[in-house]
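None of the figures in this text is laboratory data; all of them are computed from the coordinates on show. Worth saying up front: this structure is predicted, and the values here are computed from it rather than measured. Neighbour counts are summed over all protein chains in view; Cβ atoms, including those assigned to glycine, are modelled from backbone coordinates with ideal geometry.
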Amino acid sequence: MRETKTLDYFLLTLLALIWASAFFNIKIATYSYGPLTIAFLRIFFGAIPVVLLCYAKKIKIEAFSKDWYWFAAIGVINLVIPFFLIAYGVQSVQSNLAAILMASTPLSASLLAHFFTKNEKINIIKSIGVLIGFSGIVFLFSDKILINENNFLSALIIFFASTFYVIGGLLTLKISNKENENVTASILIWGTLVLCPIALFFEQPWNLSPRLDSTISLLYLGVFSTGIAWLLRFYILKHNGLVFQAQVAYIIPIFGVILGFIFLNEAITSKIIISLFAVIIGIYIVKKGSKIKTV
């Protein structure tokens with residue numbers, strides 16, 4: 001039993017590490033590729049392991065079924081838009097900054113869930129958590145070393161990208177009766193179909209002479225940070241449940257800051273540390289508040 005629990009926490013930490021590593025790899029990919037091409041190839045390469053798993057497990061992929069419009073909408077909102085916005089924003093800011101900004105997703109989810117779900121209403125504990133977490137984000141924007149008049153908009157774009165993850169998650173509730181692998185494969189397929197012509201038309205990637213490190217990072221983003229990470233998430237959800245898997249939100253920004261420093265020598269200012277702790281504490285309080293039944 002103890003060995004199983006150790007394995008569970010190892011896999012959770014591994015998932016956090018893979019997702020956190022996406023940020024500095026996106027930064028490296030931007031050295032050679034445009035944001036549309038990064039988003040497109042990330043989704044395309046991410047789809048491959050998920051689709052293969054569906055075929056191996058004989059899971060029907062319903063991308064073009066009668067519910068195709070749900071898959072298409074979720075693919076655009078949950079993948080296409082945030083992947084593009086993050087890649088666009090990271091061109092001008094440090095990757096560790098993006099990791100902290102994206103960690104606000106559980107906080108945004110608490111606010112939107114209050115208005116668009118019946119059983120996840122906000123309460124006083126959640127409100128305190130949201131206020132603390134978003135205060136950390138606001139404080140981060142006061143760090144003039146990292147955010148100035150030249151990249152303020154880029155940082156704001158990354159912050160708003162997290163909202164699309166939340167909206168996509170809410171839309172996924174509409175097809176929650178379907179298997180996770182089927183849903184993920186279907187939205188990845190639609191994300192690929194939507195982005196392919198857009199990326200080809202606007203960025204014409206065949207004219208690029210990409211650096212090797214950018215290409216390796218882009219492949220990693222697709223296969224590991226998108227495809228394999230989602231499959232690992234499925235495994236954790238199936239064996240441990242949503243509450244256990246949600247703990248990954250605490251670890252991602254920590255790893256994101258550390259990896260940005262190790263691989264890109266990014267600055268870690270005192271305001272980054274304070275903001276990081278505020279966001280993590282805010283998420284923790286929100287999770288605690290979620291356990292309280294609302295009437």
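Please go through the stretch 199-280 and write out the trypsin sites (Lys or Arg not before Pro) that DSSP classes as loop and that have at most 14 other C-beta atoms within 10 Å. If you can, show how the numbers build up before the last one.
Values: sites: ARG211, ARG233, LYS238, LYS271; in loops: ARG211.
For trypsin sites (Lys or Arg not before Pro) across the stretch 199-280 that sit outside H, G, I, E and B with at most 14 neighbouring Cβ atoms in 10 Å, the list reads ARG211.
For the chain, a Gaussian network of Cα nodes joined below 10 Å ranks ALA56, ALA199, ALA155 by mean-square fluctuation, and the top entry is ALA56.
Do any trypsin sites (Lys or Arg not before Pro) in the stretch 110-171 lie in a DSSP loop with no more than 16 other beta carbon atoms within 10 Å, and if so, which?
Details: sites: LYS118, LYS121, LYS126, LYS144; in loops: LYS118, LYS121, LYS144.
Those that pass, being in a loop and sparsely packed, are LYS118, LYS121, LYS144.
Shape summary of the stretch 40-108, radius of gyration then Dmax from alpha carbon positions: 15.3, 43 Å.
How many Lys pairs in the stretch 194-295 lie less than 25 angstrom apart by Cα atoms, where the lysines are 8 or more positions apart or on different chains? Lysine pairs, 8 or more places apart or on different chains, close enough: 5.
Within the shell defined by Cβ-Cβ distances under 14 Å, the residues around ASN240 carry a net charge of +2, with Lys and Arg each +1 and Asp and Glu each -1. Run a plain Debye calculation on the stretch 193-295 (Cα atoms as equal point scatterers, no solvent) and give log10 I(q)/I(0) at q = 0.13 Å⁻¹, rounded to two decimals, same order as the q list. Once normalised to I(0) and log-transformed, intensities are -0.80.
The charge dipole of the chain, taken about its Cα centre with unit charges on the Cβ atoms of Lys, Arg (+1), Asp and Glu (-1) only, comes to about 920 debye. Across the stretch 184-189, rounded Karplus estimates of 3J(HN,Hα) from the backbone phi angles (6.51 cos²θ - 1.76 cosθ + 1.60, θ = phi - 60°) give 5, 4, 5, 6, 5, 4 Hz, Gly and Pro being marked x.
Per-residue 3J(HN,Hα) values for the stretch 92-98, derived from phi via the Karplus relation 6.51 cos²θ - 1.76 cosθ + 1.60 with θ = phi - 60°, read 10, 10, 5, 5, 5, 5, 4 Hz in sequence order (x marks Gly and Pro).
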